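Report on the structure given below.
The values are calculated or read from the model by the stated rules, or taken from the named source; none is laboratory data. Please read these numbers as outputs of a predicted model, since none were measured by experiment. Virtual Cβ from ideal backbone geometry, glycine too; neighbours counted across all protein chains shown.
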Amino acid sequence: MKHKLVMPGDQLSTSEELLPGDGTFEENGIIRATRIGTYVVNEKHRTAEVKPASSTPVLLKKDDVVIAKVTNAKPTMIIVDVVHVTGKNRSISGDTDATIHVKEIAQGFIKDASTEYKAEDYIRAKVIQVKPSVQLETRERNFGAIKALCSKCRHPLIKKSNGLECENCGNKEHRRIADDYGNLDIEHL
Ligand SMILES: [Zn+2]
């Protein structure tokens, strides 16, 4: 069985099947993740748990591949919070604020960065600068949004042949997505 990467808010199980354990909460009978990590079922206690990154801090370095959550989308830049460094199962020390300039989003010309990523999206990106501020890029195919929510009803957007579509209300939205959008394995963290 592959361990699936889960994000805060992801549905893990139901309160009929399991109890909410460490790193989860229960709401209306659904158990959801409170943090990014690996979903595991504790068979002994019948609890759903999300294993966090360990507590050893890691400093961001140039060329690190990171997972970041978008906090603000502006025409000229995307502001994000770096939540994870790929291949380093550790928390991040120091400043986790970072930006992606509109020119660093894709290979082609992007006029307005806020059409490509929206607040609350999770994206995979590469660190291109750490000082004086952390800057990221998403120009390669495996970079871009890896999870995004419908702007109308906040349900997950599912990848379709012609773009992203809300599984709940059918709303269609655009993002610059990573080539494995919606199909993440923990190995690719
Ligand atoms: Zn929707």
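So is D179 more than 16 Å from the ligand (Cβ to nearest atom) and modelled with pLDDT under 90 or not?
Values: more than 16 Å from the ligand (Cβ to nearest atom): yes; modelled with pLDDT under 90: no.
Considered against the rule, which asks whether it is more than 16 Å from the ligand (Cβ to nearest atom) and modelled with pLDDT under 90, D179 comes out as no.
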Look at E165 and say whether it is away from the ligand (no atom under 16 Å from the Cβ), without any contact (Cβ under 8 Å) to a residue 40 or more places away in the chain, more than 12 Å from the chain's Cα centre (by Cα) and surrounded by 15 or more Cβ atoms within 10 Å (Cβ to Cβ). no
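Determine whether S91 is within 18 Å of the chain's Cα centre (by Cα), modelled with pLDDT under 95 and not in a loop (DSSP other than H, G, I, E, B).
The answer is yes for S91.
Restricting attention to region 113-161, report how many residues are of a type outside the set (V, I, T) and in a loop (DSSP other than H, G, I, E, B). First the steps, then the outcome.
Taking region 113-161 and keeping what is of a type outside the set (V, I, T), we get 113-114, 116-122, 124-126, 129, 131-133, 135-137, 139-145, 147-157, 159-161.
Restricting the remaining residues to those that are in a loop (DSSP other than H, G, I, E, B) gives 116-121, 131-133, 139-143, 148, 150-155, 161.
Here the count works out to 22.
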Does region 98-110 contain at least one residue that is polar (S, T, N, Q), away from the ligand (no atom under 16 Å from the Cβ) and surrounded by 15 or more Cβ atoms within 10 Å (Cβ to Cβ)? yes
Quick check on this structure: which one of V85, V102 is more than 17 Å from the chain's Cα centre (by Cα) and free of Cβ contacts under 8 Å to residues at least 40 places away in the same chain? V102
